[in-house]
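Note sheet for the following structure.
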Amino acid sequence: HYIALGDSRAAAPTWTSPLTGDGCGRTTDAYPGKAAALLGVTFRSVACTGATTEDVMDGQTTGSGRKIAPQIAALTADTKLVTLSIGGNDIKWWSLVAPCFSPVGDANCRTNPAVEHAIDSALRGLPAKVDRVLAAVVRRASHARIVVVGHGGIFGPSGCFPEATISD
């Protein structure tokens, strides 16, 4: 029994994928479904676009106003695998990397002290938030293998032209 928790990285909303209809933006193209198929296991995704660590623990309200139950409640003693993709919304990832998006040329965000400071400041409080979620996962699914999945690998060295042109 596999449960996927997290934010849009695990929900995987795209322009071309059918959505689940509950306001969370989950699609069949998301990595949890692909991983479950490769592993030959049953799974349930409760990931929700926009989720923060607090939302995983306490529930969230979607952009359409629908109240979503705490994701952590999906875990049981029978859960054997948990994937967790969380943290980007806690640190407001999009606003941190926005200076790196440039329609032409390199925005030099990698050498911008203000960008570096903003990222360092945002990341400072994240470990404690993720630790709180991980501790709750262990309490609810003590025999599960827990895999934390990052946001890496989304963009190539210059982004995904023309949808997301990111600096070198």
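Any residue in the stretch 53-76 that is of a type in the set (A, V, I, L, M, F, W, C), surrounded by 24 or more Cβ atoms within 10 Å (Cβ to Cβ) and in contact with an Asp or Glu (Cβ under 8 Å, 6 or more places away or on another chain)?
No.
How about the stretch 139-159: which of its residues are at pLDDT 95 or above and in a loop (DSSP other than H, G, I, E, B)?
Ala141, Ser142, His143, Ala144
When you look at Ala118, is it in contact (Cβ under 8 Å) with a residue 24 or more places away in the chain, open to solvent by less than 70 Å² (accessible area, probe 1.4 Å) and part of a helix (DSSP H, G or I), yes or no?
On the way: in contact (Cβ under 8 Å) with a residue 24 or more places away in the chain: no; open to solvent by less than 70 Å² (accessible area, probe 1.4 Å): yes; part of a helix (DSSP H, G or I): yes.
Spelling it out, it is not the case that Ala118 is in contact (Cβ under 8 Å) with a residue 24 or more places away in the chain, open to solvent by less than 70 Å² (accessible area, probe 1.4 Å) and part of a helix (DSSP H, G or I).
Which of the residues that make up the stretch 139-148 are surrounded by fewer than 16 Cβ atoms within 10 Å (Cβ to Cβ), of a type in the set (Gly, Ala, Ser) and touching a Ser or Thr at 6+ places or on another chain (Cβ under 6 Å)?
Result: no residue meets the conditions.
For the stretch 1-106, which helices (runs of 4 or more DSSP H) that fit wholly inside it have 2 or more residues that are closer than 21 Å to Arg139 by Cβ? Can you show your working first?
Working: elements: 8-11, 31-39, 53-58, 93-97.
Those helices (runs of 4 or more DSSP H) span 53-58.
Listed residues Ala136, Ala164; which is at pLDDT below 75 and surrounded by 10 or more Cβ atoms within 10 Å (Cβ to Cβ)?
Values: Ala136 fails: at pLDDT below 75.
Result: Ala164 is the single residue among Ala136, Ala164 that is at pLDDT below 75 and surrounded by 10 or more Cβ atoms within 10 Å (Cβ to Cβ).
Please tell me if Val104 is of a type in the set (A, V, I, L, M) and modelled with pLDDT of 85 or more. Spell out how you get there, then give the answer.
On the way: of a type in the set (A, V, I, L, M): yes; modelled with pLDDT of 85 or more: no.
Judged against the criteria, Val104 is not a match.
Could you tell me whether any residue of the stretch 89-103 is surrounded by 14 or more Cβ atoms within 10 Å (Cβ to Cβ), in contact (Cβ under 8 Å) with a residue 12 or more places away in the chain and under 30 Å from His1 (Cα atoms)?
Yes, because at least one residue in the stretch 89-103 is surrounded by 14 or more Cβ atoms within 10 Å (Cβ to Cβ), in contact (Cβ under 8 Å) with a residue 12 or more places away in the chain and under 30 Å from His1 (Cα atoms).
The values are calculated or read from the model by the stated rules, or taken from the named source; none is laboratory data. Note that the structure is predicted; figures quoted are calculated from it, not measured. Methodologically, a virtual Cβ is constructed for each residue, glycine included, from the backbone with ideal geometry; neighbour enumeration extends over all protein chains shown. Quick note on the areas: whole protein, heavy atoms, side chains included, nothing else; ligands and nucleic acids left out. Shrake-Rupley method; radii C 1.70, N 1.55, O 1.52, S 1.80 Å.
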